[in-house]
């Protein structure tokens, strides 16, 4: 199971867009797949515990990003280990 998960695989540009990260990281980066350009970077919200799994969970909001394209999210933990999400799309007609 990925340690970085978006709430959807497809978003409309005006949708609320959030990411769940199951390790301790202060920030996350949204990267455009086609050219690896950093399109958005922000801090994660304060950690909370997931009682069911016992994981530390951080939330990131990238709703500001509204450019159509294919993206993924990358974050690095305090030990320098980097994780990536599965790709997701921002489109005028997102898939259901």
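Counting other Cβ atoms within 10 Å as a rough exposure proxy, the listed residues 52, 67, 84 run 52, 67, 84 from fewest neighbours to most.
When you restrict to C-alpha pairs under 8 Å that are six or more residues apart and normalise by the size of the range 4-90, the relative contact order lands at 37 percent. Projecting the alpha carbon convex hull of the range 4-90 along each direction and taking the average yields 5.5 nm². Between residue 43 and residue 59, the simple spin-label model (points 7 angstrom out along Cα→Cβ) gives 1.7 nm. DSSP finds beta bridges in the chain, and of those with both partners inside it, around 90 percent are antiparallel. Exposure proxy for 65, 46: other Cβ atoms within 10 Å of each Cβ, ordered fewest to most, give 46, 65. At an R0 of 41 angstrom, the distance between the Cβ atoms of residue 78 and residue 14 translates into a FRET efficiency of 0.75.
Rule-based calculations on the coordinates, nothing more; no lab input. Just so it is clear, the model here is predicted, and its values are computed rather than measured. Note that each Cβ is placed from the backbone with ideal geometry, even for glycine, and that neighbours are counted across all protein chains shown.
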